[in-house]
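Notes follow the structure.
The values are calculated or read from the model by the stated rules, or taken from the named source; none is laboratory data. Predicted, not measured: the structure shown is a model, and the values here were computed from it. Here the Cβ positions follow ideal geometry from the backbone for every residue, glycine too, while neighbour counts run over all protein chains shown. With ligands, DNA and RNA removed, areas are computed over all heavy atoms of the protein, side chains included. Shrake-Rupley method; radii C 1.70, N 1.55, O 1.52, S 1.80 Å.
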Amino acid sequence: AGRCAHRQLQAAWCQEMTVADASAVRRVVGEVDFEYGCEYLDEHDAGLHLPQAGSDALLRAVSEVKANPAWTLLLEGHCRGLPDEIDDIRGSIAEEAADFCKEKLVEAGVENEILCRGSGCAEGRGMRVSMCLLEPPPAAERTPEERRRGADVLWGNVLGDVAGHAVEAATVDTPQPPVEVFEFKVPDVTGLSDAEQLAVLEEELMRAVPHGIKFEGHRASIHENDMPMVRGIAGLLKAFPRLGVQCAGHTHGQPKGNNLAKRVLAQERAVALRDALAEEGAPNAMACVGFGSALARGGCVRLHGLLPGEAESEDATLRILGWNTAGLTLEQEVASLDQLLSEALEQGLDFQPNKASISKSAAGVVRRLSWILQAFPNWVIVCEGHTKGRPEEDSESKQRLSQVRAERLAAALHKLGVQNRIECFGLGCSQGLGMCVRMRAREPECEFDIPDTEGFSQEELLRALDDLLSKILQEGIAFEPNSHDVPPSNLRLIRAIARALKAFPDAIILIEGHTKGKPEENSDMKRKLSQARAEAVRTAVRMEGAGNEMVCVGQGSAAGMGACLRMRVVDASALESNEATIPDISGMSREEQEALLNRLLAEALEGTLEFEPNSDVVPISDMQTVRSLARILKAFPTTFSLKCEGHTKGTPETNSAARIKLSHLRAEAVKTAVIAEGVTHSIRVVGRGSEEGVGMQVRMFVFDPSALQEHQVTIPEAEPTMSREERRLLLNDLLAKALKRKIAFEPNSVNIEVSVSDTVGEIARVLKAFPEFAVVCEGHAKGAPETNNVSKVRLSKARAESVRAALVQEGVDTDIVCKGRGSVEGCGMCVHIFAPEEDAASLQAAAQT
């Protein structure tokens, strides 16, 4: 498109020639060769270097240009590359070279009007600037402004005219034809949602102004030849009055050469376009942002649509939208990303002294970083933490502090929606940079495309998925040592796995976990860790929407593959042996169903559920057992009630309250996990400790709930003739019966023993039957009345409050006033609950007193 516009310009120029000899109108002065590269960035912001040969060519041109003061000097910059590789960055580099020459010529005393253009690599002429003199029209004298406008029209921006401007030749002797305006097609968006309208607007803007509205030199004003285009854009925006617009300003130059002056110029250009659109009647809310040369888009302002309300938000000036980053090469992306991160962190990221907490004042910096990274989601980011001090003062504690600060920043960014993998390093004060955080791009994440599988056989489908999973997992999941938690930095990889699996929803996947070590060093601990990691990945992938059947296996170091995770497609028949077969129970009697259910539950729990020492958390490696239990229970009617018994290691004579509590909590954890899998049966939990000497295990079996009724308090039906006092006395009698089995507490603690949870449940059932009465919950402590003291009173009251909290958790909404009696009554460690004669208000007042 650039070359086409260039040829169009040349044709228009040739039509204006009034003499036969072209050299009388355009005289070639010479060419200046440049060198270009990163090694010259210290010398020039754009990485340009003028060798001696180029300097000599400029000196030779000075005398010839000075000899023709009325002529206009055209400096046309060119860049390395093939014509097919033309882009905005190459155009920007070429124009920087032309500007470089202009500065040197002005320093040498050239007073001619000088026009600079960047043709990029449109002509494939390498890194150079061509110089030619343009003879002024002989028939009339023009003012400097007329000369500038005429030259601007004749030599319109090569890269900018592809937006649809008609090229207009500048003549003096003949009338000027009207400017041809790009015809905007204003679409009918009736009935479209805001998101659909936004997609249409973005498409129309891309079609009309793919390179934005161009600006010349260091000017921030819109050229009047671009005003027809501005009016066309304003007319288009009128069709989308609810949507907002972001005006993103850019300047010439390379990302590393960006500075405050360029950002200010870019902002002024964005504001100029916003004001011009508003003057032409555009009703949209508009936000302006100036990027300077950070994205190397040349001197322009690009327009992007925003959803309603977004333009008014603070984040509208931080977001890097749409095609601001579209079409960049990897080299261009990394340069722009590094520059933007550096600019965002220039303000500094404040932490609390000697702490890793990010200060509230740094919230804006964190938010800006999040928008930058969301514009470049495919890059791995290095985040370096630094602390105050000189390099010789570095220490392990400073390195740890800087490491944690970097990790806190990464966590904050992930919380704001950043998907990049962020690798954190704590460098302490080894580089003497002071308290700061530095971020840079390291490498792009692995990308993959899901192949078109239309027409594939089943075997070809499975092979394609295997290849895809192998490619995704090449990078690996970076688990922390001895941890099975999926790091936030690997969330993009998890999403990639989920996206691949969702494309093959019927595939059954085997997830193999492996740990470091040689095969002969394998152990039960390593197998459990690798199993837990495989389970964690499966859970994470399912949370991303993949519904495939996935089976996890922990290999430990048996294969000697190191710490890694493998995923592959397996045949369903290979997994049948891992699941219990549940026969059809439709023709069985209830007794037969009960016997079958007990057998299947016993088989599923045989040799499994190995809890960590003194832990009541169901290991991830045992979640397959939990799912097997759930699958079995779902196959049987919910009329079956179950008992879940917990047992611990030890002999019957070594049983203790601590062991009973631990076994109860483990059985409760299994019940909770099974219910989470969709089981709706009634399950009663019991902790046996080491009472039966069967070792650490959990049992589950059918039991008859009627066996519990003999221990329950019978609550008579309410009789209408009973007075309030009679009902109060009945309530106290029932509470006393329920409390025959005392509520026990752990020694010197307010925690209720889990072995008396049935007692709490009974009390709750009684209180729910008498909702009109407020009750007193009195706590008592061990000791004789004469040994009572403030500590015992406080402890007994805290225990009473624990009972109240447990009753509330059971669904009791009765007013319960707690009192601490210490050992004043000498009745030992217990809790009394009763309904006094006073009403609730009197009780509360007495308690406060």
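Each label point is 7 Å from the Cα along the Cα-to-Cβ direction; what then is the distance between the points at residue 809 and residue 592, in nm? Distance between the two pseudo-spin positions: 4.3 nm. Work from the charge dipole of region 476-579 (Cβ charges, +1 for Lys and Arg, -1 for Asp and Glu, about the Cα centre) and give the residue of 490, 503, 513 farthest towards its positive end. Of 490, 503, 513, it is 490. Electrostatic bookkeeping for residue 269 treats Lys and Arg as +1 and Asp and Glu as -1; over the other residues with beta carbon under 12 Å from its beta carbon, the sum is +3. For region 544-688, the Cβ-based charge dipole about the Cα centre amounts to some 440 debye (Lys, Arg positive; Asp, Glu negative; other atoms uncharged).
What is the dipole size for the chain, taken about its Cα centre, with +1 at each Lys and Arg Cβ and -1 at each Asp and Glu Cβ, in debye to the nearest 20? If you can, show how the numbers build up before the last one.
Details: 94 positive and 126 negative charges, 510 e Å.
My answer is approximately 2460 debye.
When the chain is fully extended, how far beyond the present Cα-Cα distance does residue 63 get from residue 470, taking 0.36 nm per residue of separation?
Numbers: separation 407, 0.36 × 407 = 146.52 nm, distance 6.71 nm.
Result for the pair: 139.8 nm of gain on full extension.
How many lysine pairs in region 474-617, separated by 8 or more positions in sequence or lying on different chains, have Cα atoms less than 24 Å apart? Before the final figure, lay out the partial values.
Values: 516/526; 516/528; 518/526; 518/528.
Lysine pair count for region 474-617: 4.
Overall shape of region 248-316 was characterised from the C-alpha gyration tensor. The equivalent ellipsoid obtained from it has semi-axes of 23, 13, 9 Å, in decreasing order.
Within the shell of other residues whose beta carbon sits under 10 angstrom from the beta carbon of residue 484, the net charge comes to -1, with Lys and Arg scored +1 and Asp and Glu -1.
Given 0.36 nm per residue, what is the gain on full extension from residue 639 to residue 242 after removing their alpha carbon distance, in nm?
Value of the extension gain: 137.2 nm.
Sorting 425, 770, 479 by solvent-accessible area of protein heavy atoms yields 425, 479, 770, largest first, with a 1.4 Å probe. Residue 206 contributes about 80 Å² of solvent-accessible surface, heavy atoms of the protein only, 1.4 Å probe. The Cα trace of region 605-694 gives Rg and Dmax of 13.3, 39 Å, the first to one decimal, the second as a whole number.
If you take all C-alpha pairs in the chain, what percent of them are over 36 Å apart? If you can, show how the numbers build up before the last one.
On the way: 240109 of 359976 pairs.
Value for the chain (Cα pairs over 36 Å): 67 percent.
A simple spin-label model places pseudo-atoms 7 Å from Cα toward Cβ; at residue 315 and residue 614 they are separated by 4.5 nm. Which net charge results when you count Lys and Arg as +1 and Asp and Glu as -1 among the other residues whose beta-carbon is under 12 Å from that of residue 80? Local charge sum for residue 80: -1. Between residue 227 and residue 440, the distance separating the two model label sites (each 7 Å from Cα on the Cα→Cβ line) works out to 4.9 nm. Residue 238: which lysines have alpha carbons under 17 Å from its alpha carbon, excluding same-chain residues fewer than 8 sequence positions away? Partners found: 185. Placing +1 on the Cβ of every Lys and Arg and -1 on the Cβ of every Asp and Glu, with nothing else charged, gives region 59-124 a dipole about its Cα centre of roughly 320 debye.
Partner lysines whose Cα lies under 24 Å from the Cα of residue 797, excluding those fewer than 8 positions away in the same chain, are identified as 661, 737, 740, 742, 768, 782, 819.
May I ask what percent, to the nearest 5, of DSSP beta bridges between residues of the chain are antiparallel?
Here the share of antiparallel DSSP bridges comes out near 60 percent.
Taking all protein chains as they are arranged and a probe of 1.4 Å, the heavy atoms of residue 274 leave approximately 80 Å² accessible to solvent. Placing unit charges on the Cβ atoms of the charged side chains and taking the dipole of the chain about its Cα centre, the candidate lying farthest along the positive direction among 793, 130, 674 is 793. The gain in end-to-end length when the residue 737 to residue 503 segment is fully stretched comes to 78.0 nm, 0.36 nm per residue minus the alpha carbon separation.
Skip the ligands, DNA and RNA, and give the accessible area per residue of the chain with a 1.4 Å probe, whole Å².
On the way: 40910 Å² over 849 residues.
Per residue, the chain has 48 Å² of solvent-accessible surface.
Would you please state which residues of region 241-259 a label at residue 307 would reach in this model, taking the label point 7 Å out along Cα→Cβ and a backbone N cut-off of under 13 Å? The answer is 243-244, whose backbone nitrogens lie closer than 13 Å to the label point.
Which order do 691, 454 take when ranked by solvent-accessible area (1.4 Å probe, heavy atoms of all protein chains), largest first? Mind dumping the intermediate values first?
On the way: 691 95, 454 155 Å².
Ranking 691, 454 by accessible area, largest first, yields 454, 691.
Tell me, what % of the accessible area of region 62-143 is carbon and sulfur with a 1.4 angstrom probe? Heavy-atom surface of region 62-143 belonging to carbon and sulfur, 1.4 Å probe: 48 percent. Ranking 641, 552, 227 by Cα position along the charge dipole of the chain, where only Lys, Arg, Asp and Glu carry charges on their C-beta atoms, puts 641 farthest toward the positive end.
Near the amide H of residue 435, within less than 5 Å, lie the amide hydrogens of 388, all on another chain or at least 5 residues away, with H placed in the peptide plane. Ignoring lysines fewer than eight residues from residue 102 along the same chain, the ones with Cα atoms less than 24 angstrom from its Cα are 66, 214, 256, 262.
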